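*Asks:* Mind having a look at this structure? Questions to follow.
The values are calculated or read from the model by the stated rules, or taken from the named source; none is laboratory data. No experiment lies behind these values; they were computed from the predicted model shown. Heads up, the Cβs are rebuilt from the backbone with ideal geometry, glycines too, and the neighbour counts pull from every protein chain shown. Side chains included, ligands, DNA and RNA excluded: accessible areas come from the protein's heavy atoms. Shrake-Rupley method; radii C 1.70, N 1.55, O 1.52, S 1.80 Å.
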Amino acid sequence: MNFQVYDSLRRTKRVFEPAEPGKVRMYHCGPTVYGEAHIGNFRSFLFADALRRWLELSGFEVTQVMNITDVGHLRDDDPEGGEDKLESLARKTSRDPWEIAAHYTDVFLGDVDLFRIRRAHHYPRATEHVPQMIAQIEQLIERDHAYVTDEGQVVYSVPSYADYGRLSGNTGDDLLPGARVEVGSDKHDPRDFYLWKKDPHHLMQWDSPWGRGFPGWHIECSAMGQHLLGTTLDIHTGGEDNVFPHHECEIAQAEGATGETFVNYWMHARFLQIDGGKMSKSLGNLYTVRQLAEMGHPPEAVRFALLRSHYRQVLNFTFAGLEEAAANVRKLRHFAEEMRDAAHGAEAGAAPEWLTRCVRRFDDAMNDDLNLSGALDGVFSLLHEARRHEAQGADAAAALAALQRFDQIFDVLRESPAADDAEFAAQVDALIERRAAARAAKDWAAADALRDELAALDVELLDGKDGKVTWRRTSSNANG
Ligand code: AMP
Ligand code: ZN
(Lines give C-alpha, C1' and ligand atoms only; values in the text may rest on other atoms or scores of the structure.)
(Ligands and ions follow the chains in the order given, each with its own letter.)
Protein backbone atom coordinates (compact mmCIF):
# COMPACT_ATOMS: atom_id res chain seq x y z
CA MET A 1 0.00 0.00 0.00
CA ASN A 2 1.15 3.45 -0.83
CA PHE A 3 -0.90 5.81 1.27
CA GLN A 4 0.18 9.41 0.87
CA VAL A 5 -0.89 12.02 3.36
CA TYR A 6 -0.46 15.75 3.33
CA ASP A 7 1.53 16.63 6.40
CA SER A 8 0.71 20.18 7.44
CA LEU A 9 3.99 20.54 9.33
CA ARG A 10 6.30 19.50 6.50
CA ARG A 11 3.88 21.07 3.98
CA THR A 12 4.07 18.22 1.54
CA LYS A 13 2.45 14.90 0.74
CA ARG A 14 4.44 12.01 2.14
CA VAL A 15 4.07 8.25 2.03
CA PHE A 16 2.57 7.16 5.33
CA GLU A 17 4.79 4.88 7.37
CA PRO A 18 3.91 4.24 10.99
CA ALA A 19 6.71 4.10 13.54
CA GLU A 20 5.82 0.50 14.35
CA PRO A 21 5.04 -1.54 11.22
CA GLY A 22 1.37 -2.44 10.93
CA LYS A 23 0.25 -0.29 13.86
CA VAL A 24 -1.03 3.26 13.86
CA ARG A 25 -1.32 5.51 16.88
CA MET A 26 -3.44 8.55 16.30
CA TYR A 27 -4.79 11.43 18.30
CA HIS A 28 -7.65 13.77 17.45
CA CYS A 29 -8.55 17.03 19.14
CA GLY A 30 -12.05 16.45 20.44
CA PRO A 31 -14.92 18.59 21.66
CA THR A 32 -15.03 21.17 24.40
CA VAL A 33 -18.06 19.90 26.27
CA TYR A 34 -19.86 23.11 27.24
CA GLY A 35 -22.47 22.70 24.54
CA GLU A 36 -23.57 20.40 21.76
CA ALA A 37 -21.06 19.64 19.04
CA HIS A 38 -22.37 21.03 15.76
CA ILE A 39 -21.98 19.52 12.32
CA GLY A 40 -18.87 21.70 11.77
CA ASN A 41 -17.13 19.98 14.67
CA PHE A 42 -18.34 16.71 13.23
CA ARG A 43 -16.77 17.43 9.88
CA SER A 44 -13.43 17.15 11.70
CA PHE A 45 -14.53 14.05 13.61
CA LEU A 46 -15.91 12.34 10.49
CA PHE A 47 -12.64 13.02 8.72
CA ALA A 48 -10.86 11.26 11.60
CA ASP A 49 -13.34 8.38 11.30
CA ALA A 50 -12.76 8.02 7.56
CA LEU A 51 -9.02 8.07 8.14
CA ARG A 52 -9.26 5.31 10.73
CA ARG A 53 -11.56 3.25 8.52
CA TRP A 54 -9.23 3.53 5.53
CA LEU A 55 -6.20 2.56 7.63
CA GLU A 56 -8.12 -0.42 9.02
CA LEU A 57 -9.32 -1.45 5.58
CA SER A 58 -5.69 -1.26 4.49
CA GLY A 59 -4.73 -3.74 7.19
CA PHE A 60 -3.38 -1.49 9.95
CA GLU A 61 -4.20 -1.99 13.58
CA VAL A 62 -5.26 1.45 14.74
CA THR A 63 -5.36 2.91 18.23
CA GLN A 64 -7.37 6.08 18.33
CA VAL A 65 -7.56 8.67 21.08
CA MET A 66 -9.88 11.68 21.19
CA ASN A 67 -9.75 14.05 24.13
CA ILE A 68 -12.74 15.53 25.87
CA THR A 69 -11.93 19.09 26.93
CA ASP A 70 -13.74 19.66 30.20
CA VAL A 71 -11.53 22.33 31.70
CA GLY A 72 -9.16 25.09 30.65
CA HIS A 73 -10.47 26.02 27.19
CA LEU A 74 -10.75 29.77 27.51
CA ARG A 75 -13.16 31.96 25.61
CA ASP A 76 -12.04 34.69 23.20
CA ASP A 77 -9.54 34.39 20.44
CA ASP A 78 -6.90 35.44 22.90
CA PRO A 79 -6.42 32.06 24.52
CA GLU A 80 -5.01 33.62 27.66
CA GLY A 81 -7.56 36.33 28.00
CA GLY A 82 -11.06 34.97 28.28
CA GLU A 83 -12.98 32.93 30.72
CA ASP A 84 -13.07 29.15 30.78
CA LYS A 85 -15.85 28.12 28.35
CA LEU A 86 -17.30 25.58 30.74
CA GLU A 87 -17.13 27.78 33.78
CA SER A 88 -18.67 30.68 31.98
CA LEU A 89 -21.74 28.58 31.17
CA ALA A 90 -21.77 27.18 34.71
CA ARG A 91 -21.89 30.69 36.12
CA LYS A 92 -24.52 31.91 33.71
CA THR A 93 -26.80 28.97 34.37
CA SER A 94 -25.84 28.36 38.01
CA ARG A 95 -24.99 24.80 37.15
CA ASP A 96 -22.09 22.70 38.32
CA PRO A 97 -19.33 22.65 35.65
CA TRP A 98 -18.72 18.94 36.29
CA GLU A 99 -22.35 18.19 35.67
CA ILE A 100 -22.40 20.30 32.48
CA ALA A 101 -19.32 18.49 31.18
CA ALA A 102 -20.75 15.04 32.01
CA HIS A 103 -24.03 15.92 30.31
CA TYR A 104 -22.48 17.20 27.07
CA THR A 105 -19.99 14.33 26.98
CA ASP A 106 -22.96 11.93 26.95
CA VAL A 107 -24.66 13.97 24.25
CA PHE A 108 -21.45 13.97 22.21
CA LEU A 109 -21.03 10.19 22.44
CA GLY A 110 -24.68 9.76 21.46
CA ASP A 111 -24.04 11.87 18.35
CA VAL A 112 -20.90 9.86 17.60
CA ASP A 113 -23.12 6.77 17.47
CA LEU A 114 -25.80 8.51 15.42
CA PHE A 115 -23.13 9.49 12.91
CA ARG A 116 -21.89 5.87 12.86
CA ILE A 117 -18.43 7.00 13.83
CA ARG A 118 -16.40 4.09 15.11
CA ARG A 119 -15.80 4.90 18.73
CA ALA A 120 -12.22 5.83 19.58
CA HIS A 121 -10.39 3.45 21.88
CA HIS A 122 -9.95 6.18 24.47
CA TYR A 123 -11.83 9.38 25.24
CA PRO A 124 -9.62 10.84 27.95
CA ARG A 125 -11.16 13.67 29.99
CA ALA A 126 -8.81 16.54 30.78
CA THR A 127 -10.09 16.66 34.37
CA GLU A 128 -9.02 13.04 34.86
CA HIS A 129 -5.44 13.63 33.69
CA VAL A 130 -4.28 16.59 35.73
CA PRO A 131 -1.42 14.53 37.32
CA GLN A 132 -0.05 13.74 33.82
CA MET A 133 -0.24 17.43 32.92
CA ILE A 134 1.53 18.42 36.13
CA ALA A 135 4.26 15.86 35.38
CA GLN A 136 4.78 17.32 31.91
CA ILE A 137 4.88 20.87 33.30
CA GLU A 138 7.53 19.75 35.81
CA GLN A 139 9.62 18.32 32.96
CA LEU A 140 9.33 21.64 31.13
CA ILE A 141 10.48 23.60 34.15
CA GLU A 142 13.37 21.20 34.63
CA ARG A 143 14.44 21.64 31.01
CA ASP A 144 14.18 25.44 31.19
CA HIS A 145 11.21 25.69 28.85
CA ALA A 146 8.94 27.06 31.54
CA TYR A 147 9.15 29.37 34.52
CA VAL A 148 7.13 29.86 37.68
CA THR A 149 5.89 33.38 38.39
CA ASP A 150 5.73 35.04 41.78
CA GLU A 151 2.06 34.17 42.04
CA GLY A 152 2.74 30.53 41.30
CA GLN A 153 1.51 30.45 37.71
CA VAL A 154 3.60 28.41 35.30
CA VAL A 155 4.37 29.91 31.91
CA TYR A 156 5.90 28.35 28.79
CA SER A 157 8.85 30.35 27.56
CA VAL A 158 8.41 30.55 23.79
CA PRO A 159 11.92 31.96 23.11
CA SER A 160 13.35 28.81 24.77
CA TYR A 161 12.00 26.65 21.95
CA ALA A 162 13.67 27.45 18.64
CA ASP A 163 11.17 25.58 16.47
CA TYR A 164 8.14 27.51 17.70
CA GLY A 165 6.17 28.62 14.65
CA ARG A 166 7.21 25.78 12.36
CA LEU A 167 3.70 24.38 12.06
CA SER A 168 1.72 27.59 11.64
CA GLY A 169 4.37 29.85 10.20
CA ASN A 170 3.34 32.15 13.00
CA THR A 171 6.62 32.75 14.79
CA GLY A 172 5.43 35.99 16.28
CA ASP A 173 8.73 37.53 15.17
CA ASP A 174 6.86 40.68 14.28
CA LEU A 175 6.07 40.90 17.96
CA LEU A 176 9.54 40.18 19.16
CA PRO A 177 11.91 43.10 18.99
CA GLY A 178 11.08 45.31 21.89
CA ALA A 179 7.49 44.12 21.96
CA ARG A 180 5.81 45.02 25.17
CA VAL A 181 4.36 42.54 27.55
CA GLU A 182 0.85 43.62 28.51
CA VAL A 183 0.60 45.72 31.61
CA GLY A 184 -0.19 43.54 34.60
CA SER A 185 0.98 40.36 32.88
CA ASP A 186 3.54 38.15 34.54
CA LYS A 187 4.88 36.84 31.22
CA HIS A 188 8.45 37.49 30.16
CA ASP A 189 7.57 37.51 26.45
CA PRO A 190 4.24 38.36 24.84
CA ARG A 191 4.17 35.01 23.05
CA ASP A 192 4.55 32.98 26.24
CA PHE A 193 1.51 30.99 27.30
CA TYR A 194 0.18 29.58 30.56
CA LEU A 195 0.65 25.96 31.51
CA TRP A 196 -0.77 26.33 35.01
CA LYS A 197 -3.09 29.13 35.95
CA LYS A 198 -4.20 30.67 39.18
CA ASP A 199 -7.61 32.21 39.66
CA PRO A 200 -9.35 32.00 43.03
CA HIS A 201 -12.73 32.34 41.28
CA HIS A 202 -12.22 29.34 39.02
CA LEU A 203 -14.65 26.61 40.04
CA MET A 204 -12.41 23.68 39.15
CA GLN A 205 -9.12 23.62 41.05
CA TRP A 206 -6.40 21.10 41.74
CA ASP A 207 -3.42 20.94 44.07
CA SER A 208 -0.05 21.19 42.39
CA PRO A 209 3.57 21.86 43.34
CA TRP A 210 2.72 25.54 42.63
CA GLY A 211 -0.40 25.62 44.76
CA ARG A 212 -4.04 25.28 43.79
CA GLY A 213 -4.90 26.16 40.22
CA PHE A 214 -5.91 24.65 36.92
CA PRO A 215 -4.16 23.62 33.70
CA GLY A 216 -4.05 25.60 30.47
CA TRP A 217 -5.85 24.15 27.46
CA HIS A 218 -2.85 23.20 25.32
CA ILE A 219 -1.11 21.06 27.92
CA GLU A 220 -3.96 18.56 28.05
CA CYS A 221 -3.43 17.27 24.52
CA SER A 222 0.35 16.84 24.68
CA ALA A 223 0.17 15.24 28.13
CA MET A 224 -2.76 12.89 27.41
CA GLY A 225 -1.57 12.06 23.90
CA GLN A 226 1.84 10.98 25.13
CA HIS A 227 0.41 9.28 28.20
CA LEU A 228 -1.87 7.05 26.11
CA LEU A 229 0.11 6.68 22.89
CA GLY A 230 3.78 7.14 23.76
CA THR A 231 6.37 9.83 23.06
CA THR A 232 5.84 9.94 19.29
CA LEU A 233 2.41 9.70 17.67
CA ASP A 234 1.98 8.63 14.08
CA ILE A 235 -0.88 10.99 13.25
CA HIS A 236 -2.45 13.97 14.99
CA THR A 237 -5.53 15.66 13.54
CA GLY A 238 -7.77 18.61 14.24
CA GLY A 239 -9.68 21.33 12.48
CA GLU A 240 -7.78 24.12 10.75
CA ASP A 241 -8.39 26.50 13.66
CA ASN A 242 -6.35 24.19 15.89
CA VAL A 243 -3.12 24.86 13.98
CA PHE A 244 -2.43 28.04 15.90
CA PRO A 245 -2.00 28.42 18.74
CA HIS A 246 -3.19 25.03 20.00
CA HIS A 247 -1.08 22.61 17.99
CA GLU A 248 1.90 24.94 17.83
CA CYS A 249 1.87 24.96 21.63
CA GLU A 250 1.33 21.19 21.84
CA ILE A 251 4.51 20.64 19.82
CA ALA A 252 6.50 23.08 21.94
CA GLN A 253 5.32 21.31 25.10
CA ALA A 254 5.74 17.70 23.98
CA GLU A 255 9.07 18.20 22.25
CA GLY A 256 10.31 20.57 24.92
CA ALA A 257 9.55 17.97 27.59
CA THR A 258 11.04 14.93 25.82
CA GLY A 259 13.43 16.23 23.16
CA GLU A 260 11.79 13.77 20.72
CA THR A 261 9.55 14.28 17.71
CA PHE A 262 5.95 14.52 18.91
CA VAL A 263 4.02 13.75 15.73
CA ASN A 264 5.10 12.24 12.43
CA TYR A 265 2.08 13.38 10.38
CA TRP A 266 -0.10 16.38 11.17
CA MET A 267 -3.42 16.47 9.35
CA HIS A 268 -5.93 19.32 9.46
CA ALA A 269 -9.47 19.46 8.14
CA ARG A 270 -10.68 22.70 6.62
CA PHE A 271 -13.80 24.27 8.04
CA LEU A 272 -17.38 23.52 7.27
CA GLN A 273 -19.25 26.63 6.23
CA ILE A 274 -23.00 27.07 6.07
CA ASP A 275 -24.53 28.71 3.04
CA GLY A 276 -21.10 30.01 2.14
CA GLY A 277 -20.46 31.70 5.46
CA LYS A 278 -19.35 31.18 8.99
CA MET A 279 -21.47 29.22 11.39
CA SER A 280 -22.29 31.02 14.57
CA LYS A 281 -24.77 31.00 17.38
CA SER A 282 -25.89 34.54 16.61
CA LEU A 283 -26.73 33.63 13.01
CA GLY A 284 -28.71 30.67 14.31
CA ASN A 285 -27.10 28.32 11.81
CA LEU A 286 -25.36 25.89 14.14
CA TYR A 287 -27.03 22.58 13.42
CA THR A 288 -26.59 19.36 15.30
CA VAL A 289 -27.22 15.94 13.83
CA ARG A 290 -30.22 15.49 16.13
CA GLN A 291 -31.79 18.76 15.03
CA LEU A 292 -31.37 17.74 11.42
CA ALA A 293 -32.88 14.32 12.18
CA GLU A 294 -35.89 16.03 13.74
CA MET A 295 -36.20 18.07 10.56
CA GLY A 296 -36.40 14.78 8.66
CA HIS A 297 -32.79 14.40 7.48
CA PRO A 298 -31.48 10.97 8.41
CA PRO A 299 -28.03 10.94 10.09
CA GLU A 300 -26.55 8.82 7.33
CA ALA A 301 -27.44 11.52 4.77
CA VAL A 302 -25.71 14.09 6.96
CA ARG A 303 -22.76 11.72 7.30
CA PHE A 304 -22.58 11.38 3.53
CA ALA A 305 -22.92 15.15 2.99
CA LEU A 306 -20.02 15.85 5.35
CA LEU A 307 -17.78 13.10 3.99
CA ARG A 308 -18.12 13.53 0.29
CA SER A 309 -15.61 16.26 -0.32
CA HIS A 310 -11.88 16.47 0.23
CA TYR A 311 -11.03 17.25 3.83
CA ARG A 312 -8.52 19.87 2.71
CA GLN A 313 -11.18 21.89 0.96
CA VAL A 314 -13.65 24.14 2.66
CA LEU A 315 -17.00 22.39 2.55
CA ASN A 316 -20.14 24.41 2.10
CA PHE A 317 -23.18 22.94 3.78
CA THR A 318 -26.56 23.73 2.22
CA PHE A 319 -29.93 22.06 2.54
CA ALA A 320 -29.93 21.48 -1.20
CA GLY A 321 -26.62 19.66 -0.79
CA LEU A 322 -28.09 17.62 2.03
CA GLU A 323 -31.06 16.59 -0.13
CA GLU A 324 -28.66 15.59 -2.86
CA ALA A 325 -26.64 13.53 -0.37
CA ALA A 326 -29.84 11.78 0.73
CA ALA A 327 -30.68 11.04 -2.91
CA ASN A 328 -27.20 9.59 -3.44
CA VAL A 329 -27.56 7.38 -0.40
CA ARG A 330 -30.86 6.09 -1.84
CA LYS A 331 -29.16 5.46 -5.18
CA LEU A 332 -26.45 3.39 -3.53
CA ARG A 333 -28.99 1.34 -1.58
CA HIS A 334 -31.06 0.81 -4.66
CA PHE A 335 -28.01 -0.35 -6.59
CA ALA A 336 -27.14 -2.81 -3.81
CA GLU A 337 -30.63 -4.32 -4.15
CA GLU A 338 -30.33 -4.43 -7.91
CA MET A 339 -27.02 -6.33 -7.75
CA ARG A 340 -28.36 -8.70 -5.09
CA ASP A 341 -31.25 -9.59 -7.40
CA ALA A 342 -29.04 -9.84 -10.48
CA ALA A 343 -26.61 -12.15 -8.67
CA HIS A 344 -29.39 -14.81 -8.42
CA GLY A 345 -27.60 -16.27 -5.41
CA ALA A 346 -24.28 -16.67 -7.22
CA GLU A 347 -21.00 -16.23 -5.35
CA ALA A 348 -18.75 -13.33 -6.38
CA GLY A 349 -16.52 -14.43 -9.23
CA ALA A 350 -13.17 -13.05 -10.35
CA ALA A 351 -13.66 -9.34 -10.95
CA PRO A 352 -14.20 -8.41 -14.59
CA GLU A 353 -11.90 -5.77 -16.00
CA TRP A 354 -14.45 -2.92 -15.71
CA LEU A 355 -14.95 -3.68 -12.04
CA THR A 356 -11.21 -3.78 -11.33
CA ARG A 357 -10.94 -0.32 -12.87
CA CYS A 358 -13.63 1.11 -10.57
CA VAL A 359 -11.99 -0.41 -7.53
CA ARG A 360 -8.61 0.94 -8.56
CA ARG A 361 -10.11 4.37 -9.02
CA PHE A 362 -11.53 4.27 -5.52
CA ASP A 363 -8.33 2.95 -3.93
CA ASP A 364 -6.07 5.37 -5.79
CA ALA A 365 -8.15 8.31 -4.64
CA MET A 366 -8.19 7.12 -1.03
CA ASN A 367 -4.45 6.52 -1.11
CA ASP A 368 -3.98 10.02 -2.45
CA ASP A 369 -4.39 11.85 0.84
CA LEU A 370 -7.83 10.43 1.59
CA ASN A 371 -9.46 12.04 -1.42
CA LEU A 372 -13.03 11.08 -0.58
CA SER A 373 -14.55 13.04 -3.43
CA GLY A 374 -12.34 11.18 -5.92
CA ALA A 375 -13.21 7.92 -4.17
CA LEU A 376 -16.90 8.67 -4.69
CA ASP A 377 -16.28 9.06 -8.40
CA GLY A 378 -15.02 5.49 -8.19
CA VAL A 379 -18.17 4.42 -6.37
CA PHE A 380 -20.48 6.00 -8.91
CA SER A 381 -18.44 4.67 -11.82
CA LEU A 382 -19.22 1.23 -10.39
CA LEU A 383 -22.96 1.90 -10.66
CA HIS A 384 -22.55 3.14 -14.18
CA GLU A 385 -20.29 0.33 -15.41
CA ALA A 386 -22.25 -2.49 -13.80
CA ARG A 387 -25.40 -1.29 -15.54
CA ARG A 388 -23.63 -0.72 -18.82
CA HIS A 389 -22.29 -4.29 -18.72
CA GLU A 390 -25.62 -5.61 -17.46
CA ALA A 391 -23.82 -7.45 -14.69
CA GLN A 392 -25.45 -10.78 -13.80
CA GLY A 393 -24.62 -13.76 -11.60
CA ALA A 394 -21.04 -13.87 -10.34
CA ASP A 395 -20.25 -10.42 -11.82
CA ALA A 396 -23.20 -8.82 -10.05
CA ALA A 397 -22.16 -10.51 -6.81
CA ALA A 398 -18.63 -9.14 -7.29
CA ALA A 399 -20.03 -5.65 -7.92
CA LEU A 400 -22.07 -5.89 -4.72
CA ALA A 401 -19.00 -7.02 -2.79
CA ALA A 402 -17.04 -4.04 -4.14
CA LEU A 403 -19.82 -1.67 -3.11
CA GLN A 404 -19.89 -3.19 0.36
CA ARG A 405 -16.16 -2.70 0.63
CA PHE A 406 -16.51 0.98 -0.34
CA ASP A 407 -19.24 1.21 2.26
CA GLN A 408 -16.73 0.29 4.95
CA ILE A 409 -15.67 3.91 4.58
CA PHE A 410 -18.95 5.68 3.86
CA ASP A 411 -21.18 3.40 5.95
CA VAL A 412 -24.50 4.53 4.49
CA LEU A 413 -25.98 1.33 3.08
CA ARG A 414 -27.73 0.21 6.24
CA GLU A 415 -30.80 2.19 7.15
CA SER A 416 -31.28 3.94 10.46
CA PRO A 417 -33.94 1.98 12.29
CA ALA A 418 -35.76 5.21 13.14
CA ALA A 419 -39.28 3.84 13.37
CA ASP A 420 -38.11 0.70 15.16
CA ASP A 421 -36.17 2.87 17.57
CA ALA A 422 -39.26 4.68 18.75
CA GLU A 423 -41.05 1.38 19.32
CA PHE A 424 -38.03 -0.04 21.07
CA ALA A 425 -37.77 3.00 23.34
CA ALA A 426 -41.44 2.71 24.27
CA GLN A 427 -40.93 -0.97 25.10
CA VAL A 428 -37.91 -0.21 27.29
CA ASP A 429 -39.63 2.67 29.06
CA ALA A 430 -42.59 0.41 29.87
CA LEU A 431 -40.29 -2.25 31.34
CA ILE A 432 -38.48 0.36 33.43
CA GLU A 433 -41.78 1.66 34.75
CA ARG A 434 -42.92 -1.85 35.68
CA ARG A 435 -39.59 -2.49 37.41
CA ALA A 436 -39.92 0.73 39.42
CA ALA A 437 -43.42 -0.31 40.46
CA ALA A 438 -42.20 -3.77 41.47
CA ARG A 439 -39.43 -2.23 43.52
CA ALA A 440 -41.81 0.20 45.18
CA ALA A 441 -43.97 -2.79 46.13
CA LYS A 442 -40.81 -4.58 47.37
CA ASP A 443 -41.49 -7.39 44.91
CA TRP A 444 -37.79 -8.14 44.37
CA ALA A 445 -38.32 -11.30 42.34
CA ALA A 446 -40.45 -9.44 39.81
CA ALA A 447 -37.99 -6.50 39.76
CA ASP A 448 -35.09 -8.88 39.08
CA ALA A 449 -36.98 -10.65 36.32
CA LEU A 450 -37.65 -7.29 34.66
CA ARG A 451 -34.02 -6.29 34.99
CA ASP A 452 -33.05 -9.54 33.22
CA GLU A 453 -35.55 -8.81 30.50
CA LEU A 454 -33.95 -5.41 29.96
CA ALA A 455 -30.47 -6.91 29.92
CA ALA A 456 -31.63 -9.34 27.24
CA LEU A 457 -32.55 -6.34 25.11
CA ASP A 458 -28.95 -5.06 25.44
CA VAL A 459 -30.11 -2.16 27.53
CA GLU A 460 -28.03 -0.73 30.33
CA LEU A 461 -29.80 1.20 33.07
CA LEU A 462 -28.26 4.42 34.35
CA ASP A 463 -29.43 5.57 37.74
CA GLY A 464 -29.64 9.36 37.79
CA LYS A 465 -28.88 11.45 40.89
CA ASP A 466 -32.51 12.51 41.09
CA GLY A 467 -33.63 8.88 41.20
CA LYS A 468 -34.72 8.99 37.58
CA VAL A 469 -33.55 5.99 35.60
CA THR A 470 -32.32 6.52 32.05
CA TRP A 471 -30.93 3.89 29.73
CA ARG A 472 -28.75 3.26 26.76
CA ARG A 473 -28.25 0.43 24.32
CA THR A 474 -25.08 -1.48 25.04
CA SER A 475 -24.91 -3.04 21.58
CA SER A 476 -24.50 0.39 19.92
CA ASN A 477 -21.30 0.85 21.91
CA ALA A 478 -19.55 -1.83 19.93
CA ASN A 479 -16.95 -0.63 17.52
CA GLY A 480 -17.48 -1.21 13.86
P1 AMP B 1 -14.04 22.77 19.99
O2 AMP B 1 -15.19 22.06 20.65
O3 AMP B 1 -14.30 24.19 19.69
O4 AMP B 1 -12.76 22.56 20.76
O5 AMP B 1 -13.84 22.09 18.55
C6 AMP B 1 -13.73 20.70 18.38
C7 AMP B 1 -13.12 20.37 17.03
O8 AMP B 1 -13.98 20.81 15.96
C9 AMP B 1 -11.78 21.05 16.78
O10 AMP B 1 -10.90 20.09 16.22
C11 AMP B 1 -12.09 22.15 15.81
O12 AMP B 1 -10.99 22.42 14.98
C13 AMP B 1 -13.22 21.54 15.00
N14 AMP B 1 -14.12 22.54 14.38
C15 AMP B 1 -14.72 23.60 14.98
N16 AMP B 1 -15.50 24.28 14.10
C17 AMP B 1 -15.40 23.64 12.90
C18 AMP B 1 -15.94 23.84 11.59
N19 AMP B 1 -16.78 24.86 11.31
N20 AMP B 1 -15.59 22.98 10.61
C21 AMP B 1 -14.76 21.95 10.87
N22 AMP B 1 -14.21 21.70 12.07
C23 AMP B 1 -14.51 22.53 13.09
ZN1 ZN C 1 -6.05 19.35 21.29
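*Asks:* Using amide H atoms built 1.01 Å from N in the peptide plane, name the residues 5+ places from Asp7, or on other chains, whose amide H lies under 5 Å from its own.
*Replies:* Residues meeting the criterion, in which the H sits 1.01 Å from N, are Thr12, Lys13, Arg14.
*Asks:* Using the Cα gyration tensor of segment 4-269, with a ≥ b ≥ c the square roots of its eigenvalues, what is the shape: rounded (a/c below 1.5), prolate (a/b larger than b/c) or oblate (neither)?
*Replies:* oblate
*Asks:* Same structure again: Taking 27 Å as the cut-off for C-alpha to C-alpha distance, list the pairs among Lys13/Lys85; Lys85/Lys278; Lys92/Lys278; Lys198/Lys278; Lys85/Lys198 that go past it.
*Replies:* Details: Lys13/Lys85 36 Å; Lys85/Lys278 20 Å; Lys92/Lys278 25 Å; Lys198/Lys278 34 Å; Lys85/Lys198 16 Å.
Beyond 27 Å between Cα atoms: Lys13/Lys85; Lys198/Lys278.
*Asks:* Of the trypsin sites (Lys or Arg not before Pro) in segment 235-309, which ones lie in a loop per DSSP and count no more than 13 other C-beta atoms within 10 Å?
*Replies:* Lys278, Lys281
*Asks:* Mind running the shape call on the chain? Use the C-alpha gyration tensor, a ≥ b ≥ c as the square roots of the eigenvalues: rounded below 1.5 for a/c, prolate if a/b tops b/c, oblate otherwise. Intermediate results must be reported in sequence, preceding the final value.
*Replies:* Values: a/c = 2.13, a/b = 1.30, b/c = 1.63.
Judged from the Cα gyration tensor, the chain comes out oblate (a/c at least 1.5, b/c at or above a/b).
*Asks:* Separate question: Apply the Karplus parameterisation 6.51 cos²θ - 1.76 cosθ + 1.60, with θ equal to phi minus 60°, to every residue of segment 262-275 and state each ³J(HN,Hα) to the nearest whole Hz, in sequence, with x for glycine and proline.
*Replies:* Using θ = phi - 60°, the values come out as 7, 9, 7, 9, 9, 10, 10, 8, 5, 6, 8, 10, 10, 6 Hz.
*Asks:* Continuing with the same structure: In whole percent, and with a 1.4 Å probe on the protein chains, what portion of the accessible area of segment 290-448 is carbon and sulfur? Mind showing how you got there, number by number?
*Replies:* Values: 3980 of 7890 Å².
Looking at segment 290-448 in its full context, I get 50 percent from C and S.
*Asks:* I would also like to ask the following. Relative contact order of the chain, please, whole-number percent, based on alpha carbon pairs below 8 angstrom and at least 6 residues apart.
*Replies:* Over the chain, the number comes to 16 percent.
*Asks:* On the full set of protein chains, 1.4 Å probe, figure out the accessible area of Thr356 and give it in Å² to the nearest 10.
*Replies:* Thr356 has an accessible surface of roughly 50 Å² with all protein chains in place.
*Asks:* From the phi of every residue in segment 437-454, what ³J(HN,Hα) in whole Hz does the Karplus formula 6.51 cos²θ - 1.76 cosθ + 1.60 yield, where θ is phi - 60° and glycine or proline is x?
*Replies:* Residue by residue, segment 437-454 yields 5, 5, 5, 4, 8, 6, 8, 5, 4, 5, 4, 5, 4, 5, 4, 4, 4, 5 Hz.
*Asks:* For the modelled label position 7 Å from the Cα of Met295 along Cα-to-Cβ, which residues of segment 301-332 have backbone nitrogen atoms closer than 15 Å?
*Replies:* 301-303, 305-306, 316-326
*Asks:* Find how much the distance from Leu462 to Leu203 grows on full extension, using 0.36 nm per residue of separation minus their present alpha carbon separation; answer in nm with one decimal.
*Replies:* Contour length minus the Cα-Cα distance gives 90.6 nm.
*Asks:* Can I ask one more? Using protein chains only and a probe of 1.4 angstrom, how many square angstrom of Leu203 are accessible, to the nearest 10?
*Replies:* Accessible surface of Leu203 is approximately 80 Å².
*Asks:* By how many nm would the segment from Asp443 to Glu415 grow when fully extended, if each residue of separation counts as 0.36 nm and the alpha-carbon distance is taken off?
*Replies:* This chain segment gains 6.0 nm when fully extended.
*Asks:* Let me ask another. Averaged per residue, what accessible surface does the chain expose to a 1.4 Å probe, in Å²?
*Replies:* That works out to 46 Å² per residue.
*Asks:* Let me ask you something else. Under a 1.4 angstrom probe, counting protein chains only, how are His310, His247 ranked by accessible area, largest first?
*Replies:* His310, His247
*Asks:* Report the GluC sites (Glu not before Pro) located in segment 233-337 that are in a DSSP loop and have at most 15 other Cβ atoms inside 10 Å of their Cβ, or state none.
*Replies:* Answer by residue number: Glu260.
*Asks:* List the chymotrypsin sites (Phe, Trp or Tyr not before Pro) within segment 106-148 that DSSP assigns to loop and that have no more than 12 neighbouring Cβ atoms inside 10 Å.
*Replies:* none
*Asks:* Could I have the simple spin-label model distance between Arg14 and Gln408, label points 7 Å from Cα toward Cβ, reported in nm to one decimal?
*Replies:* 2.7
*Asks:* Which FRET efficiency value, to the nearest 0.05, is calculated for Phe244 and His334 with the Förster distance at 35 angstrom and r the Cβ-Cβ distance?
*Replies:* My answer for the efficiency is 0.15.
*Asks:* Between Ser373 and Ser282, 0.36 nm times their residue separation minus their Cα-Cα distance comes to what? Walk me through the intermediate numbers first.
*Replies:* Values: separation 91, 0.36 × 91 = 32.76 nm, distance 3.15 nm.
My answer for the length gained is 29.6 nm.
*Asks:* Give the shape of segment 434-473 as rounded, prolate or oblate, defined through the alpha-carbon gyration tensor: a ≥ b ≥ c are the square roots of its eigenvalues, a/c under 1.5 means rounded, and otherwise the shape is prolate if a/b is larger than b/c and oblate if not. Before the final figure, lay out the partial values.
*Replies:* Details: a/c = 3.17, a/b = 1.13, b/c = 2.80.
Oblate, since a/c reaches 1.5 and b/c is not below a/b.
*Asks:* Right, next: Could you look at segment 4-269 and say what percent of its accessible area is carbon and sulfur, using a 1.4 Å probe and all protein chains?
*Replies:* 45
*Asks:* Where the centroid of each part is defined by its Cα atoms, how far is segment 178-236 from segment 385-446 in Å?
*Replies:* What the calculation gives is 44 Å, centre to centre.
*Asks:* Moving on to the next point. Compute, for Ser160, the solvent-accessible surface of its heavy atoms (probe 1.4 Å) with the complete set of protein chains present, and express it in square angstrom to the nearest 10.
*Replies:* Accessible area of Ser160: about 40 Å².
*Asks:* Now a separate question. Any idea how far apart Glu347 and Gln427 come out in nm if each label point goes 7 Å out from Cα toward Cβ?
*Replies:* Result: 3.6 nm between the two label points.
*Asks:* Near Arg360, within a Cβ-to-Cβ distance under 13 Å, what is the net charge of the other residues, with Lys and Arg +1 and Asp and Glu -1?
*Replies:* Numbers: positive: Arg357, Arg361, Arg405; negative: Glu353, Asp363, Asp364, Asp368, Asp377, Glu385.
Taking every Cβ under 13 Å from that of Arg360, the sum is -3.
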